[in-house]
Amino acid sequence: MTLDTQESLLTQLYTVLTSEITLKAAMGGSVSLYPVWAKPDATFPYLVHRIEMRRGGIWPERIGTYLIDIWTNSPSAASVVAIRKRLIELLDEYQFNTTDVKNVKLNLDTDGFIPETEPDIFHYAFQFSISLWRQAEIVYIIGR
């Protein structure tokens, strides 16, 4: 089945992150991962992710930024640190293919705490560079 490029990427990342045993343990037994923004009253801890894409060097190539945020409600940052550690182990230098995109690679660019005004709410943000070759879209573009 052909998916939208972003849908293909986010589906792959969702599958990897929500099925990973050590990440599940760090997050209290399950991984809640939302696209763009969490649902109202989401149970902590949770993750939110999105991708911003732009043109690469030549037209089939895309580069961009994969953004993923950790949100916890805890009296200490210990849970954030455990989740952060596992996300870096899973995502930095991660390479994969789907039926819609090829030669996808993530590289950690920046990460750090984001100040929050609510007591005991910890917010930690990552930015990964992402590069890939569009496959399914190219077939349609060439075919027009």
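The values are calculated or read from the model by the stated rules, or taken from the named source; none is laboratory data. Just so it is clear, the structure is predicted and the values come from calculations on it, not from any experiment. When we count neighbours, we look across all protein chains shown, and the Cβ atoms used for this are built from the backbone with ideal geometry, even at glycine. We work out accessible area using only protein heavy atoms, side chains counted, and drop any ligands, DNA or RNA first. Shrake-Rupley method; radii C 1.70, N 1.55, O 1.52, S 1.80 Å.
On the stretch given as segment 1-55, residues that are within 11 Å of the chain's Cα centre (by Cα) and on the phi > 0 side of the Ramachandran plot total 1. Per the listing 43, 15, 22, the residue uniquely among the β-branched types (Val, Ile, Thr) and more than 20 Å from residue 91 (Cα to Cα) is 43. Of the residues making up segment 97-117, just one is modelled with pLDDT under 95, in contact with a helix residue (DSSP H, G or I) (Cβ under 8 Å, 6 or more places away or on another chain) and surrounded by fewer than 17 Cβ atoms within 10 Å (Cβ to Cβ), namely 99. Kindly evaluate residue 108 against the criterion of being within 13 Å of the chain's Cα centre (by Cα) and either more than 16 Å from residue 10 (Cβ to Cβ) or among the charged types (D, E, K, R) (or both). So residue 108 passes the test.
Here residue 37 fulfils each of the conditions (1) part of a strand (DSSP E or B); (2) open to solvent by 80 Å² or more (accessible area, probe 1.4 Å); (3) under 18 Å from residue 10 (Cα atoms) apart from (1). Inspect all residues belonging to segment 130-140 and state whether any of them is open to solvent by less than 60 Å² (accessible area, probe 1.4 Å) and free of Cβ contacts under 8 Å to residues at least 24 places away in the same chain. Scanning segment 130-140, I find no residue that is open to solvent by less than 60 Å² (accessible area, probe 1.4 Å) and free of Cβ contacts under 8 Å to residues at least 24 places away in the same chain, so the answer is no. The residue of segment 78-96 that is modelled with the lowest pLDDT, among those that are buried (at least 16 other Cβ atoms within 10 Å of the Cβ) and of a type in the set (Gly, Ala, Ser), is 79. The set of residues in segment 78-103 that are free of Cβ contacts under 8 Å to residues at least 40 places away in the same chain and of a type in the set (Val, Ile, Thr) comprises 81, 88.
For segment 58-77, a residue qualifies if it is open to solvent by 70 Å² or more (accessible area, probe 1.4 Å) and at pLDDT below 95, and the qualifying residues are 58, 59, 75.
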